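> Sending over a structure as structure tokens; questions will come in a sec.
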Amino acid sequence: MSDAAGRTTKEGVLYIGMDLGCYKTSVAATNGTREVVFSIVGWPKDPVSRKLLGKDIVFGNEAFQHRLALETIRPFEKGALKYADNSEAGVPADKLARYKEAAKELVKYVVSLCRPPKGTLVYGVIGSPARASILNKQALMDACKGTFESVMIVSEPFAVAYGMNTLEDALIVDIGAGTTDLCRMHGAIPTEDDQLTTGKAGDFIDNLAMDLIKKAHPEAQFTINMVREAKERGSFVNDVNDKALVTWPNKEGKPTNFDITKELKEACRAIVPDIVQGLRKLVSSYDAEFQRRMLQNVVLAGGGSQLRGLDRLIEDDLQQYGGGKVTKVHEPVFAGANGALKLAADMPEDYWKEVK
Amino acid sequence: MPEDLGSPPSPTPPPPDPPPAPKGGSKMIDVQGMIRQASRRVSVDQLVRKGLKTISMLSREKIDELINQAVKTMIDKYRAMAAGVVNVPIAQIEAESKQEFNELLSQYQQTAKAKDDLEHSRESLNVELEEMRKDLEKQKALADGRLSEEAEKALIVGFKEFERELEKQVVKVFEKRKLILEGGDQPEAVAELKGVENAIRPIISRLVAAERERFAMSGGQSREIAMLEKRIEKLYAQIAAMENALKTISNSKLYSNQQIQNIMRQLGLAQEDKNFEKKREMLKFVLDVNKSIRKESQELAQKGITLATPQGGGPVPAPTVPPPPAEPPKVDAPPGA
């Protein structure tokens, strides 16, 4: 039993679902592997750091930890390769090749986390944002070349919907780091008209929160990563009495307690109007008979959906349309990867051969 | 003998000649015989009358050769396509087919074993569930006071004996005390003892009843725990059998998840998906979209449009040179095949 390339297939096939995020990449495989890593690749800056790390290339969490000793690249930052062109993503033309290399290495690393046995065919489905162009999709396929035997690209919110078996009368809101994708599911593959993408997502919240905190606490010393960490620990948009307290150094370097509740809440809430507006647009352009049913099935996915109270805030806003029901997926971080995996596993064998 | 296959049929066609026996060797089809059967004889005069002045001649042998060649080419082509390779010797095809068959047989055996395991597991679970259902009914009946279990009887009998013994001891104690007091010079003490006895005996009875109830309850609980432990053990055994079966399925050398899903469906273990048909259509659509992405991006690359140069003007990849035409396949076809 051998394939066209003469490679043995006796070890079987490993199906992988991958969500290549601007900030984090999650992966799920049919052998039970489920991993999430930072979408960051680093090369030692000099021989000293090379010796310190003992590696020529470092990925994910390790690269994030040692980023000061590395030349790091977030290959999908600001939508680079994924949905934006170079100028939009702020990638210098001479750096594009490096970004592509980083993406390729990251994909290779993430697949290696799934530990495919030697000789196994690896088939994968990768999620891409709704607004990704043909060139972006091709860039993702190029990143997978050599690592996957065969790969397919699907829209991220569609992957989420497929994974949840929610294929009819549902609105999927996938809040990532770079984009928030909205998708209307009506029992068929969503077309361009069924999908919307807004640029207000996790990174937008981080940047806004940083500006607001700088204004409110000029004496505090902090970085965008510290703000992100604080957001992930205590992000909320509702009016509960939670407090977001952080201990950051002040100008003299002395650890000081700061209350950033107000600033974080304001930053987190800033993404809501665009989401609600997008939902309104998708619902109002849908068949009037089914609008109500669709509003009863709004699903939040992606890392950004972990903002506490977001579901209730959207529900409140939907009241003017007769009310709606917003639910969060069980595993926001893995929803995309799980859906992609399900797609990969359901895909007939022949289809994989057609896109080799 | 001139042959005109396009000539009109004569009103009285002569009876066809019997087809000659195939010559064998390089001949695949008896073309000559077939031509003779299918053709009709027309005289030259008739053709002249129809205005035909020149006639193209094609010998039977040439027609035979041409048809044989065409058929052979087609057969070779499709054989090559079917084999996926152009130069595969028959012996290799046979060996591969045999190997493939053995592998499939092995897969079938493994799957059948897995199926047996799962069936066995399912039966055991059904039996267990039935037992549990019966036990539950009994327990319920017991709680309602409708059923007297042997154990319950034994418990009650045992306690009755204990109560009788206790009663005897109490009576004995009071009798002894009474005799002592009656031998003394205080008759009011005997009456007092009687009062004490009347007060004490109901207390003892109540205590015994409470103790009996507590004992019965603790006995019931331990029985329940033992029963649960037994069931947990059984369930563990079933889970192990299930895991074993699933392991066999996952280690099976089957090609795809589809086949595993089919097996699971046959075993009744896969949940029926109401969106099955819809999903199939969607998967087909995903495939088509992915094919078109590849095609379109190739076209864009040909125009010099890439991610680095979205407006065009980038380096155009060198056109791919088509490979030289492959030599006609050399399949050792058996004579007369």
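Nothing in this text is a laboratory measurement; each read-out follows from the coordinates by a stated rule. This is a predicted model, so every value here is computed, not measured. Glycine also receives a Cβ, built like all others from the backbone with ideal geometry; neighbour counts cover every protein chain displayed.
> For a quick protection proxy, order the peptides A:114-121, A:131-138, A:152-159 by their average other-Cβ count within 10 Å, most packed first.
The most tightly packed comes first, giving A:152-159, A:131-138, A:114-121.
> Could you run the Debye sum over the Cα atoms of the range A:202-269, one equal point scatterer each and no solvent, and tell me log10 of I(q)/I(0) at q = 0.21 Å⁻¹, two decimals?
Taken in order of the listed q values, log10 I(q)/I(0) reads -0.79.
> Check which residues have an amide H placed less than 5 Å from A:Met152's amide H, if you skip close sequence neighbours.
Counting only residues 5 or more places away or on other chains, the set is A:Gly124, A:Val125, A:Ile126.
> Using a Gaussian network model of chain A with C-alpha springs under 10 Å, which one of A:Val160, A:Val110, A:Val48 is most mobile by mean-square fluctuation?
Checking each option, the largest mean-square fluctuation is seen for A:Val48.
> Could you compute the FRET efficiency for A:Glu315 and A:Val48, with r as their C-beta to C-beta distance and R0 at 51 Å, rounded to 0.05?
Details: r = 55 Å, r/R0 = 1.07.
The calculated FRET efficiency here is 0.40.
> Next question. Averaged over its residues, how many other protein chain Cβ atoms are within 10 Å of peptide A:342-348's Cβ atoms?
Across the residues of A:342-348, the mean count of other-chain Cβ atoms within 10 Å is 5.
> Going by Cα centres, the range A:318-338 and the range A:29-58 are how many Å apart?
Centre-to-centre (Cα) distance: 33 Å.
> Okay, next question. How high is the relative contact order of the range A:202-269, in percent, counting Cα pairs under 8 Å that sit 6 or more residues apart? All intermediate terms of the calculation are to be shown ahead of the outcome.
Numbers: 85 pairs, mean separation 25.7, N = 68.
It comes to 38 percent, rounded to a whole number.
> Related question: Considering every residue in A:181-193, what mean count of other chain Cβ atoms within 10 Å of its Cβ is obtained?
What the average comes to for A:181-193 is 1.
> Specify the residue with the greatest mean-square fluctuation among A:Gln319, A:Gln306, A:Gln291, computed from a Gaussian network of chain A linking alpha-carbon atoms under 10 Å apart.
A:Gln319
> Still on this model: To the nearest whole number, what is the average tally of beta carbon atoms from other chains within 10 Å of the beta carbons of peptide B:276-288?
If you average over the peptide's residues, the count of other-chain Cβ atoms is 5.
> Next question, about the same structure. Ranked highest first by the average count of other Cβ atoms within 10 Å around their residues, in what order do A:166-173, A:189-196 fall?
Ranking, from highest mean packing down: A:166-173, A:189-196.
> Taking square-rooted eigenvalues a ≥ b ≥ c of the alpha carbon gyration tensor, is the range A:252-346 rounded, prolate or oblate, where a/c under 1.5 means rounded and, failing that, a/b exceeding b/c means prolate?
oblate
> Turning to a different aspect of this structure: Compute the label zone of A:Met226 within the range A:34-78: residues whose backbone N is under 18 Å from the point 7 Å along Cα-to-Cβ.
Output list for this probe position: A:65-68.
> Continuing with this model, one more query. Helix-derived [θ] at 222 nm for chain A: sum -39500 (n - 2.57) over DSSP H runs of at least 4, divide by residue count, nearest 500?
Value at 222 nm, helices only, nearest 500: -11500 deg cm²/dmol.
> Taking the Cβ of A:Leu96 as the center, what net charge do the other residues with Cβ under 12 Å away carry, scoring Lys and Arg +1 and Asp and Glu -1?
-1
> Okay, moving on. Under 8 Å for C-alpha pairs, at least 6 residues apart: give me the relative contact order for chain A, rounded to a whole percent.
This gives 19 percent for chain A.
> Quote the charge dipole size of the range A:123-263 about the Cα centre in Debye, to the nearest 20; the model charges only the Cβ of Lys and Arg (+1) and of Asp and Glu (-1).
Taking the Cα centre of the range A:123-263 as origin, the dipole is about 520 debye.
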